[in-house]
Structure formats: structure tokens, C-alpha cells
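Have a look at the structure below, then the notes.
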Amino acid sequence: MSNNVPTGAEFKEQLRAGAPKMGLFLNSHSPTVAEQLAHSGYDWLLVDTQHGPMDHEKLSNMLCAIASGGAKSMVRVAGYHDRGGIQQALDLGADGVLVPYINTAEEARQAVSCTRYPTAGTRSVYFPQRSMNKAGLLGYAGNANKNVIVALQVETAACIENMVEIAAVPGVDMLFLGQNDLCMSMGLYEKYEFPHMYTSPELQAATDTLIAEARKNNVILGLFLFGTTRVAEFLAKGFSFISVGNDLHHVLTQSAAYVQDLEKIAATEGKLWSRRPTALF
């Protein structure tokens, strides 16, 4: 296994050049699962503190586990107002943060400010921290503003309406498309039968706006998908930072595959067996 882990700045440069970086969200608060997935070949793993039950101590353990496998680590925080969560994530060694529910350029500026040391931002400096263990105080703090990955989640109709201004905010490295919430915000779940909202002209127009403004400002395009069916489509559109689900989704899909195999095997042996009823798959 190669130990040549790119710096955050190198990672972003590779993404901007179009090199795909595939990863997963982590919603189980398990350092063990995080460590196993960090060794599985994914480029990055994102600890989802917005929807997962992680406290700061569990987050600390999960970020250590990810680092052990060489994957880049991201943390989804509560929002642009979550200064404490952004501070903790970065001090604990995360390579970057994903800030959800951005609606305006001012909110984008506040999010960026929390991730940048003065005078570019308002991040607090403290030593010692895990983030500084490898390079020391000056080695880390002196390069953090270029190495930390700042991703903003595009998931509301207002965000699309304000995309020209949001994409131009200095320090925004990535715009990360959340199709589920964006469809909800645009009223597409009410207009279309599932899953046709995802291929609707309204969502396509919103996505085109995002792509155009990201390209204009040299901003990386990111995306959350469930599974690999549409990965090629979005790679062709210029999305280079792609999630193919989360750890719990991986568990469910693999469980479903095993259960279906067991039903077939039992039937071939004349043994009636079927899974217990579930709404999950």
C-alpha cells in the first residue's frame, strides 16, 4: 500500500483537474467501521455529524480510524452557524468540512470564515491539537488555509437562485449537490412520482446552473448518489467528488443480496425460507 497521501491542496488540485475521487458518508458512529472502510480503497470518507449520532469524542476516534487507512477525511457539520463543530472537526484532524443548507452568499462567507485562520478568516488557533501533530504548530497553521477542503452543500431552491453569488465567494473549494433535499425544496416530490423527480427538467435546469457557475469560478463539483448506476453520467458532467452512499446503505444492500441468495438456495433444496418482512429493502 502506498503511503503517498496527497496534501489537501494537492487533493483539491487533482479534483479540479478532473481526477475522480470516490467515497462514502459514515452515519454509524463506529470507529471500527470507519477504519475498515478507510482500508477498502475509497479516496475519502465523510463523518456525517448532521444526521449521525456522533459526539466529539466519537468523532475524534473515527477521524483517527480514517487516517490509519490513508483516506481523506471530511466532516459534515450542522451548518454555517456551527462554528464550534467546524472548529472541533478541523482541530481533531479532519481534512475538510461539508457545510449543509447554504442559501446565500453571506452564509457561504460565514462558513468559509470559520475554516480559515486570520487574516483570511476567524478560525481560532490553539496548540497542541491532533491536526498539528505531524507538522507542528507553524507547519500546520501556516498551510491550513490552502489545505483545508471547504465544501458547501447545494440542497435548496434558494441556493440555486443565489448560485452566481455563492459560487464566487472566495475560499469555496467545492459545491456539493444534494439531490434529495433539493428536490424536496423545489417541490418536485409533490409534482412527480418517485423516482422521476431525479430526471425532471426542473432538477436538470438547477444542476446546469450549478455546473455553469462552478466552472466559471474553478470550483469542484461534488455529489451524493445511492449506488453506482448514475456515476458515469455525472462524471461526464464534470462531477469529480462523488459519494456512492453511506456505510449503513452498504450494509443494507449487501444484506439484501445475501438474503435473496439464501431464499434461492433454500428453494433449490426444497426448504421454504424467506426473509422476515422489512420496509428497508
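Rounded, prolate or oblate: which one fits the stretch 95-232, using the alpha carbon gyration tensor with axes a ≥ b ≥ c (rounded when a/c is under 1.5, else prolate when a/b beats b/c, else oblate)? Mind dumping the intermediate values first?
Details: a/c = 2.69, a/b = 2.12, b/c = 1.27.
Prolate shape, in that a/c is at least 1.5 and a/b is the bigger ratio.
Comparing 239, 127, 11 in a Gaussian network model of the chain (Cα springs below 10 Å), the most mobile by mean-square fluctuation is 127.
Rg ratio for the stretch 1-82: its Cα radius of gyration over 2.2 N^0.38 Å, N being its residue count, equals 1.10.
Selection among 201, 185, 143 by position relative to the dipole of the stretch 140-208 gives 143 as farthest towards the positive end (Cβ unit charges, Cα centre). For residue 191, a cut-off of 18 angstrom between C-alpha atoms picks up no lysines at all, skipping any fewer than 8 places away in its own chain.
Amide H contacts for residue 173 (H built 1.01 Å from N in the peptide plane; partners 5 or more residues away or on another chain; cut-off under 5 Å): 150.
Residue-wise HN-Hα couplings along the stretch 45-55, as the Karplus relation 6.51 cos²θ - 1.76 cosθ + 1.60 with θ = phi - 60° gives them from phi, are 9, 10, 7, 9, 7, 5, 10, x, x, 7, 8 Hz; Gly and Pro carry x. Can you tell me how the stretch 1-141 classifies by the Cα gyration tensor, rounded, prolate or oblate, using a/c under 1.5 as the rounded cut? Rounded, because the longest to shortest axis ratio a/c is under 1.5. Among the protein heavy atoms of the stretch 151-269, carbon and sulfur supply 58% of the accessible surface, probe 1.4 Å, non-protein parts ignored.
Ranking 173, 95 from most to least accessible surface, computed with a 1.4 Å probe over the protein chains only, gives 95, 173. Within the listed set 264, 12, 146, the Gaussian network model of the chain (springs between alpha-carbon atoms below 10 Å) gives the highest mean-square fluctuation for 264. So what is log10(I(q)/I(0)) for the stretch 160-281 at q = 0.16, 0.21 1/Å, when the Debye sum runs over its Cα atoms only? One equal scatterer on each Cα of the stretch 160-281 leads to -0.87, -1.21.
Among the listed values [x] 65, 39, 35; [y] 72, 43, 31; [z] 60, 42, 32, the one matching Cα extents along the principal axes in Å as calculated from this structure is [y]. Taking θ as phi - 60° and the Karplus parameters 6.51, -1.76 and 1.60, the scalar couplings of the stretch 152-168 work out to 10, 8, 9, 8, 9, 4, 5, 4, 5, 4, 9, 5, 4, 6, 5, 5, 8 Hz in sequence order, x denoting glycine and proline. Work out, in µm²/s and without decimals, the Stokes-Einstein translational diffusion coefficient of the stretch 59-118 at 37 °C, 0.692 mPa s, Rh from Kirkwood over C-alpha pairs. Calculated translational D: 276 µm²/s.
The residues of the chain expose on average 49 square angstrom of accessible surface per residue, using a 1.4 Å probe on protein heavy atoms.
Distant-in-sequence amide contacts of residue 153, defined by a placed amide H-H separation under 5 Å and a gap of 5 or more residues or a different chain, comprise 99, 101, 102, 176.
Against the chain, whose longest principal axis comes from its Cα atoms, helix 136-147 is set at around 70 degrees. Pick from 267, 167, 256: which residue has the top mean-square fluctuation in a GNM of the chain where Cα pairs under 10 Å get a spring? So, out of 267, 167, 256, the one fluctuating most is 267. Per-residue 3J(HN,Hα) values for the stretch 236-247, derived from phi via the Karplus relation 6.51 cos²θ - 1.76 cosθ + 1.60 with θ = phi - 60°, read 5, 7, x, 7, 10, 10, 10, 9, 10, x, 9, 4 Hz in sequence order (x marks Gly and Pro).
The values are calculated or read from the model by the stated rules, or taken from the named source; none is laboratory data. Keep in mind it's a predicted model, so treat the numbers as computed, not measured. Cβ atoms come from the backbone with ideal geometry, glycine included; neighbour counts cover every protein chain shown. What goes into the accessible areas is simple: the full protein's heavy atoms, side chains included, and nothing from ligands, DNA or RNA. Shrake-Rupley method; radii C 1.70, N 1.55, O 1.52, S 1.80 Å.
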